[in-house]
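One structure is given here, and the rest of the page talks about it.
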Amino acid sequence: LTEAYQIGMAKGIHFSFDDVVAYGNKFAELMPKANPSMRLDHFAGKKSEIDAINGMVPVVSAEVGLSAPYNETLAAVIRRREEAF
């Protein structure tokens, strides 16, 4: 969340919150039993939309002169796992 939020700030996007971590935690608390689609994809042995979500964060980060090492690593780990599907 933090890396994507920094991209938005660099692009001049107005957010309704200042603390992205608190916002993300509050959002997650509203759905304690939620199963994200990527998790469900992996349970089903299917490739996820990792490249369209976390995989794009480093791409867009680079466009605004930032880096996104967390999303870059996360996407690489997920892609590697999906190679076994």
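The values are calculated or read from the model by the stated rules, or taken from the named source; none is laboratory data. Computed from a prediction, not measured in an experiment: that's the story for all the values here. Every residue, glycine as well, gets a Cβ built from its backbone with ideal geometry; the counts of neighbours run over all protein chains shown. Just so you know, the surface numbers come from the protein's heavy atoms only, side chains and all, with ligands and any DNA or RNA stripped out. Shrake-Rupley method; radii C 1.70, N 1.55, O 1.52, S 1.80 Å.
The number of residues in segment 61-85 that are open to solvent by 80 Å² or more (accessible area, probe 1.4 Å) and among the aliphatic types (A, V, I, L, M) comes to 2. Screening THR2 with (1) without any contact (Cβ under 8 Å) to a residue 12 or more places away in the chain; (2) exposed (fewer than 14 other Cβ atoms within 10 Å of the Cβ) gives one miss only, at (1). Of the helices (runs of 4 or more DSSP H) entirely within the chain, those holding at least 2 residues that are of a type in the set (Gly, Ala, Ser) occupy 2-10, 20-29, 56-63, 69-82.
For segment 69-79, the criterion of being touching a residue at least 60 places away in the same chain (Cβ under 8 Å), among the charged types (D, E, K, R) and in contact with a helix residue (DSSP H, G or I) (Cβ under 9 Å, 6 or more places away or on another chain) is met by no residue.
For every residue, the table says whether it meets (1) over 29 Å from GLU63 (Cα atoms); (2) among the basic types (Lys, Arg).
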position: GLY8; (1), (2): no, no
position: LYS11; (1), (2): no, yes
position: SER16; (1), (2): no, no
position: VAL20; (1), (2): no, no
position: LEU30; (1), (2): yes, no
position: ASP41; (1), (2): yes, no
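Let me spell it out: the conditions are (1) surrounded by fewer than 11 Cβ atoms within 10 Å (Cβ to Cβ); (2) of a type outside the set (Ser, Thr, Tyr); (3) without any contact (Cβ under 8 Å) to a residue 12 or more places away in the chain, and GLY45 meets all of them except one. Which number is the exception? (3) is the only condition that GLY45 fails.
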